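Step one of this worksheet: look at the structure below.
The values are calculated or read from the model by the stated rules, or taken from the named source; none is laboratory data. The shown structure was predicted, so the numbers you read here are calculated from the model rather than taken from an experiment. All Cβ positions, glycine included, derive from the backbone under ideal geometry; neighbour counts span all protein chains shown.
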């Protein structure tokens, strides 16, 4: 869904957007969207954001794996017992 954005920009910037849209045979909206996507890509490359690296630590736990598995199995068994008739 498209949203409406209202912003005051310098007249020279407006002319550049308009000229570029004419040269590219596209809309001003498309030019602005492409420019924003390029800025995001450039920013991500500069900041070297690595989603995999940033989220790997989520799974590090202080307890032993066997303890975690044991707790999960116990919780599962208890939940199954609760609904027995």
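Per-residue answers, yes or no, for (1) in contact with a helix residue (DSSP H, G or I) (Cβ under 8 Å, 6 or more places away or on another chain); (2) closer than 30 Å to residue 14 by Cβ; (3) modelled with pLDDT of 85 or more:
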{"position": "37", "(1), (2), (3)": "no, yes, yes"}
{"position": "41", "(1), (2), (3)": "no, yes, yes"}
{"position": "51", "(1), (2), (3)": "no, no, no"}
{"position": "54", "(1), (2), (3)": "no, no, no"}
{"position": "76", "(1), (2), (3)": "no, no, yes"}
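So how many residues does region 56-74 have that are surrounded by 10 or more Cβ atoms within 10 Å (Cβ to Cβ) and either at pLDDT below 75 or within 15 Å of the chain's Cα centre (by Cα) (or both)? Walk me through it before giving the result.
First, pick out the residues of region 56-74 that are surrounded by 10 or more Cβ atoms within 10 Å (Cβ to Cβ): 56, 67-74.
Applying the additional criterion that residues be either at pLDDT below 75 or within 15 Å of the chain's Cα centre (by Cα) (or both) yields 56.
The total comes to 1.
Among the residues of region 7-35, count how many are surrounded by 10 or more Cβ atoms within 10 Å (Cβ to Cβ) and assigned to a helix (DSSP H, G or I). Walk me through it before giving the result.
Step one: of region 7-35, the residues surrounded by 10 or more Cβ atoms within 10 Å (Cβ to Cβ) are 9, 14-22, 24, 26-35.
Checking the rest, the ones that are also assigned to a helix (DSSP H, G or I) come to 14-22, 24, 28-35.
Final tally of qualifying residues: 18.
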